[in-house]
Amino acid sequence: MSTSQIPPATAVPDDDVPTLLVKIFGKDRPGITAGLCDTLAAYGVNIVDIEQVVTRGRIVLCVLVNSPTGGWTKEGDLRATVHSWAESMRLQAEIISGRGDNRPRGTGRSHVTVLGHPLSAESTARIAASITGSGGNIDRIFRLAKYPVTAVEFEVSGAETGALRTALVTEAAGIGVDVAVVASGLQRRAQRLVVMDVDSTLIQDEVIELFAAHAGCEAEVAEVTARAMRGELDFEQSLHARVALLAGIDESVVEKVRAEVRLTPGARTLIRTLKRLGYQVGVVSGGFTQVTDDLKERLGLDFASANTLEVVDGKLTGRVVGEVVDRAGKARLLRRFAAEAGVPLMQTVAIGDGANDLDMLNAAGLGVAFNAKPVVREAAHTAVNVPFLDTVLYLLGITREEVEAADTAADTVESRDG
C-alpha cells in the first residue's frame, strides 16, 4: 500500500466521535461474522473494535463502528437493516449509541490463572470479588483447559501485580483453588528457561529411598529424613548421613533404580510442549547424577545438575563427591543455567515441592510450588495442588487445545515420515 492509500488518522474515532456498538447473539453457524460486516459495509462505516465469543454453540458478536455519515436518517436505516438481517438469520441484535472508543484500560495489567478440580461458581465468585477488592477490573475471561483440571484466565487491569498476587493467593488458599498472577507484557511471550526439582516433582519418587530399599535400610533413611524435617539436621548433614547408609551396595543397583523411577503424570507433556515452544528446560536435584543424567538423556533436557554418589571398585562408598547441591546451590544453578541459556532471570520458571527449593523458587521470575508443604506454598509465587505437572503450562497462558493440536500435528508428521 502506498503512502497515499493509508487511511487518515480520523478513521479511528476519538472520544468526541459518535459510535455504535452492534451486538449479535444467538445460535452459532458459519457466515455470521461475514454477514454482519457485509451488512455494515453498505453504510461505509469503519470497524473500531470487534470481539466474538462462542460458548456451547451460542455466539456473542460485538462490533464497535463509527456512526455513518448522513445523520439520524442514515443511522436509522443502518439499525433497521441490521435488525432485519439478524431476524433473517434467527439471531437477536442490539445496537447502542455512544461516543468514542472503549475506555482505556487501567495501568497495572496482569494475567490471573485459576485452576480448579472442579472450579465451582462459589470459588470463581470469591476470586472475582477479590480482584475487584484489590482495585482491579476484569477485562476478559477465557478458558485454557477443561481437563484434567478446569483452568481459566482473567485479564485484569488497574491493580499492581504484586499486591494482586498477595490478595488472590491468600483468598485461594481458603477455597481450594490454585491461582497464579503474572504481569502482562512482551516478556510473557519471550523465550524462557524452566528449571525443576526432581524428587516428588519431575518424578513421583524419592531416589534415595529407592536406593535404600535395595540396601535394606529404608527405616534408617526415613529416620534421618524425619530428623531433617524436624530441623535437627540441615540438608547437607542429612544427605551425608543417609548416603553413608548406602555404603557397600553394588553399582549395578543404579540401573535397577533408574528402571523404578516413575515420572509424574504430565511430565512428558510439559517438557515436550516447552521444547516445541523453544524453551530450554533443566533439572536441579539434591538427589544423584546417576539418575538425573539418565533423565536428561531420556527427556531431552538442556541442563541437569545433582549430587554424585562415589563409586570405588564397583561399590558405593557411602559418600558423595564434588560440591553438594543444597538449597542455596539450587538457586546458584538456576542463575548459572539462565546465564548459559542467555535468558534473563525474570524469564525463568522454577518448580519444586520442598523447603530445599525455596531459594530457587524465590530467585526465579515465577516460582511454582508443586504439591508442596504449606511453608513452601506460602512462600512461592504460586502453587499447583493437583497431581498433573503439565498444568504448569496453563500458568504460562498455553491452552489444552494448543497442546493437543501440536501433538496431533507431530503424530501426523511422524506417520508421514515413517
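Taken together, the values in this text are just the output of simple stated rules run on the coordinates, not laboratory data. Quick caveat: nothing in here was measured; it's all calculated off a predicted structure. Cβ coordinates were reconstructed from backbone atoms using ideal geometry, including for glycine residues, and neighbour counts include every protein chain displayed.
Summing Lys, Arg as +1 and Asp, Glu as -1, what charge do residues with Cβ under 15 Å from the Cβ of Met89 carry, Met89 excluded?
With Lys, Arg at +1 and Asp, Glu at -1, the neighbours total +1.
Under the Karplus relation 6.51 cos²θ - 1.76 cosθ + 1.60, θ = phi - 60°, what is the ordered set of whole-Hz ³J(HN,Hα) values for the range 387-399, x standing for Gly and Pro?
Rounded to whole hertz, the list is x, 10, 5, 6, 5, 4, 4, 5, 5, 9, x, 8, 8.
Based on C-alpha coordinates, I'd like the Rg and Dmax of the range 144-276, in Å.
Gyration radius and largest Cα-Cα distance of the range 144-276: 20.6, 62 Å.
Kindly state, to the nearest 0.05, the FRET efficiency for Thr69 paired with Leu277, given R0 = 35 Å and r defined as their beta-carbon distance.
It comes out at approximately 0.15.
Using label points projected 7 Å from each Cα along Cα→Cβ, tell me how many nm separate Arg268 and Ala80, to one decimal.
The answer from the label model is 6.5 nm.
At what distance in angstrom do the alpha carbon centres of the range 319-372 and the range 189-211 lie from each other?
11 Å
I'd like the GluC sites (Glu not before Pro) in the range 235-326 restricted to DSSP loop residues with at most 12 other Cβ atoms within 10 Å, sorted by number.
Hits after loop and neighbour filter: Glu323.
From the phi angles alone, apply the Karplus equation (6.51, -1.76, 1.60; θ = phi - 60°) to the range 264-280 and give each ³J(HN,Hα) in whole Hz, x where the residue is Gly or Pro.
Here the 3J(HN,Hα) series is 5, x, x, 5, 5, 5, 4, 5, 4, 5, 4, 5, 5, 7, x, 6, 9 Hz.
Relative to the longest principal axis of the chain, what angle (0 to 90°, nearest 10) does the C-alpha long axis of helix 400-417 take?
Computed tilt is about 70 degrees.
Here are labelled values, [x] 27.0; [y] 20.6; [z] 23.0, and one is the computed mean projected area of the Cα convex hull in nm² for what I pasted. Which one?
The listed entry that was calculated here is [x].
For the pair Gln52 and Ala121, what calculated FRET efficiency results from E = 1/(1 + (r/R0)^6), where r is the Cβ-Cβ distance and R0 = 22 Å, to the nearest 0.05?
E between Ala121 and Gln52, to the nearest 0.05, is 0.35.
For Lys296, go through the lysines and keep the ones whose alpha-carbon is under 20 Å away, minus same-chain ones fewer than eight residues off.
Result set, ordered by chain and number: Lys256, Lys275, Lys330.
If amide hydrogens are placed 1.01 Å from N in the peptide plane, which non-local residues have theirs closer than 5 Å to the one on Ser184?
Counting only residues 5 or more places away or on other chains, the set is Arg109, Ser110, His111.
Tally Lys/Arg at +1 and Asp/Glu at -1 over every other residue whose Cβ is under 12 Å from the Cβ of Gly266; what's the total?
+2
In a GNM of the chain with a 10 Å cut-off on Cα contacts, which of Gly248, Gly318, Gly100 has the highest mean-square fluctuation?
Gly100
If R₀ is 60 angstrom, what is the calculated FRET efficiency for the pair Glu160 and Glu87, using the beta carbon separation as r and rounding to 0.05?
After rounding to 0.05, the efficiency reads 0.80.
Any idea what angle helix 121-133 forms with the longest principal axis of the chain, computed on alpha-carbon atoms, 0 to 90 degrees, nearest 10?
Taking Cα atoms only, the helix is inclined about 80 degrees.
Search the structure for amide H atoms under 5 Å from the amide H of Val283, placed 1.01 Å from N in the peptide plane, and list their residues when 5 or more places away or on another chain.
For Val283, the qualifying residues are Met196, Phe303, Ala304, Ser305.
Full-extension gain between Ala409 and Lys315, please, as 0.36 nm times their residue separation minus the C-alpha to C-alpha distance.
Here the segment from Ala409 to Lys315 would lengthen by 29.1 nm.
Based on a Kirkwood Rh over C-alpha pairs, give the Stokes-Einstein translational diffusion coefficient of the range 110-184 at 37 °C and viscosity 0.692 mPa s in µm²/s.
275 µm²/s
For the range 264-306 and the range 117-161, compute the distance between their C-alpha centroids and round to whole Å.
31 Å
Using helices alone, I'd like the mean residue ellipticity at 222 nm for the chain: each DSSP H run of four-plus residues gives -39500 (n - 2.57), total over residue count, nearest 500.
Counting only the DSSP helices, I get -12000 deg cm²/dmol.
Which distance in nm do the two modelled labels at Asn362 and Lys27 give, with both placed 7 Å along the Cα-to-Cβ direction?
Going by the 7 Å Cα→Cβ label model, 5.9 nm.
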